[in-house]
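Below: the structure, in structure tokens.
The values are calculated or read from the model by the stated rules, or taken from the named source; none is laboratory data. Every value quoted in this text rests on a predicted model; they were computed, and no experiment measured them. Cβ placement follows ideal geometry from the backbone for every residue including glycine, while neighbour counts extend to all protein chains displayed. Protein only, heavy atoms only, side chains kept; ligands, DNA and RNA dropped before computing areas. Shrake-Rupley method; radii C 1.70, N 1.55, O 1.52, S 1.80 Å.
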Amino acid sequence: QLQLVESGGGLVQPGGSLRLSCAASGTIFSPYVMSWYRQAPGKQRDFVALRNSGGWTNYADSVKGRFTTSRDNAENMLYLQMNGLKPEDTAVYYCNLLQDDLEYWGKGTLVTVSS
């Protein structure tokens, strides 16, 4: 059973940076899409960024120019570099994998942006 585990969340001041990691246990084979979502308190889960097996990326308008997603195929890792963090970025961030018509979710990592 493939599992996703996020890490790297924490408390950061506005304007600061964090890098989230998503470790995948098990085989990931092409084609696939790996994504980041986030859920703020009392709100729905929203799309943040994705990267497909061809290297194509896409971002929510709210994070374009500030967040970057990358993948280390050898280590089976997905990353989300977050710069210029704002209080409205506060949320639980989830890793998602779509592969062979199956969908997998991690349990999330909390990011809090506050002074």
Conditions (1) within 27 Å of Gly42 (Cβ to Cβ); (2) open to solvent by less than 20 Å² (accessible area, probe 1.4 Å); number of the one not met by Gln99: (1)
Scope segment 88-115; condition assigned to a loop (DSSP other than H, G, I, E, B), of a type in the set (S, T, N, Q) and over 14 Å from the mean Cα position of the chain (by Cα); matching residues: Ser114, Ser115
Residues satisfying the stated conditions in segment 49-65, i.e. more than 19 Å from Gln3 (Cα to Cα), within 13 Å of the chain's Cα centre (by Cα) and not hydrophobic (A, V, I, L, M, F, W, C): Thr57, Asn58, Tyr59
Options Leu20, Leu11; residue that is open to solvent by less than 30 Å² (accessible area, probe 1.4 Å) and part of a strand (DSSP E or B): Leu20
Condition check for Val63: in a loop (DSSP other than H, G, I, E, B), β-branched (Val, Ile, Thr) and either at pLDDT below 95 or open to solvent by less than 40 Å² (accessible area, probe 1.4 Å) (or both): yes
Matching residues, segment 33-60, being touching an Asp or Glu at 6+ places or on another chain (Cβ under 8 Å) and either open to solvent by 40 Å² or more (accessible area, probe 1.4 Å) or within 21 Å of Asp101 (Cα to Cα) (or both): Tyr37, Gln39
In segment 69-87, the residues that are free of Cβ contacts under 8 Å to residues at least 40 places away in the same chain and closer than 18 Å to Arg38 by Cβ: Thr69, Ser70
Pairs with Cβ under 6 Å, 6+ apart, first in segment 20-45 and under 13 Å from Val92 (Cβ atoms), second in a loop (DSSP other than H, G, I, E, B): Leu20/Gly8
Segment 66-87, subset within 15 Å of the chain's Cα centre (by Cα), at pLDDT 95 or above and not in a strand (DSSP E or B), residue surrounded by the most Cβ atoms within 10 Å (Cβ to Cβ): Leu85
